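The structure under discussion appears below in the form of structure tokens.
The values are calculated or read from the model by the stated rules, or taken from the named source; none is laboratory data. No experiment lies behind these values; they were computed from the predicted model shown. In this analysis, Cβ positions are derived from the backbone assuming ideal geometry, glycine residues included, and neighbour counts consider all displayed protein chains.
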Amino acid sequence: MTKDRWKLAIIGLGLGLATLAAEAGQCGAPAPGATPEVTTTLAEPSPTPSPVVAALGTAVSGTPAAGGIPAPYAGRRNPFTLDDPSAINEGALVYYGNCQFCHGSKGKGDGPSATGLVPPPTNLTVLEYLFANQPDREFWIVSEGIPGTAMPGFKDRLTEEQRWLALTYEWNLAKQANRQ
């Protein structure tokens with residue numbers, strides 16, 4: 001990663017932490033002094049997907065889920081190769097600055113801010129198929145959020161590239177969990 005990209009990643013991480021701290025009602029901030037551990041070795045995934053995963057067949061942002069992905073997102077493809085180590089590492093920075101508070105360090109929906117959220121955050125480790133085969137749907141969800149849940153949209157907080165990098169890292173978490 002170039003020096004400028006590292007700077008951007010660190011700035012993005014700081015902005016993500018500040019944004020989440022300011023929005024403690026959605027997915028709060030990490031515990032003071034907490035340092036996220038970046039790893040790709042995972043424990044067993046939960047056998048039960050969250051209600052959000054089960055509800056993907058319903059409307060999100062007012063659009064039917066059955067092939068009804070909004071035009072700005074329909075057909076979008078991840079510009080990164082899902083197993084690209086550089087993209088995974090950059091995605092980890094984005095993930096730990098914006099996602100791990102709710103989804104947890106392993107992507108299982110058990111982050112420090114997940115307690116009491118209804119519905120609970122999605123266990124990302126059950127989504128390997130969707131990340132690989134429906135990237136436009138996942139990009140839409142990360143961009144727009146899920147109404148009626150604590151899942152915020154990130155299109156105004158993260159660049160398009162950062163959102164794809166986060167999805168690349170999340171796919172890696174799911175892939176690792178499903179190989180154990």
TODO: Please work out which residue is modelled with the lowest pLDDT, limiting yourself to segment 150-177 and to residues that are closer than 16 Å to Gly104 by Cβ and polar (S, T, N, Q).
DONE: Gln176
TODO: Test Pro70 against the stated conditions and say whether it is crowded, with 17+ Cβ neighbours inside 10 Å, assigned to a loop (DSSP other than H, G, I, E, B) and at pLDDT below 95.
DONE: no
TODO: For residues that are surrounded by fewer than 23 Cβ atoms within 10 Å (Cβ to Cβ) and more than 12 Å from Glu170 (Cα to Cα), tally how many sit in segment 73-110.
DONE: 13
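I'd like the residue in segment 111-158 that is β-branched (Val, Ile, Thr) and closer than 21 Å to Asn172 by Cα and, out of all such residues, is surrounded by the fewest Cβ atoms within 10 Å (Cβ to Cβ). First the steps, then the outcome.
Filtering segment 111-158 for residues β-branched (Val, Ile, Thr) gives 115, 118, 122, 125-126, 141-142, 146, 149.
When the remaining residues are screened for being closer than 21 Å to Asn172 by Cα, the result is 122, 125-126, 141-142.
Details: Thr122: 26, Thr125: 26, Val126: 21, Ile141: 24, Val142: 24.
Out of the qualifying residues, it is Val126.
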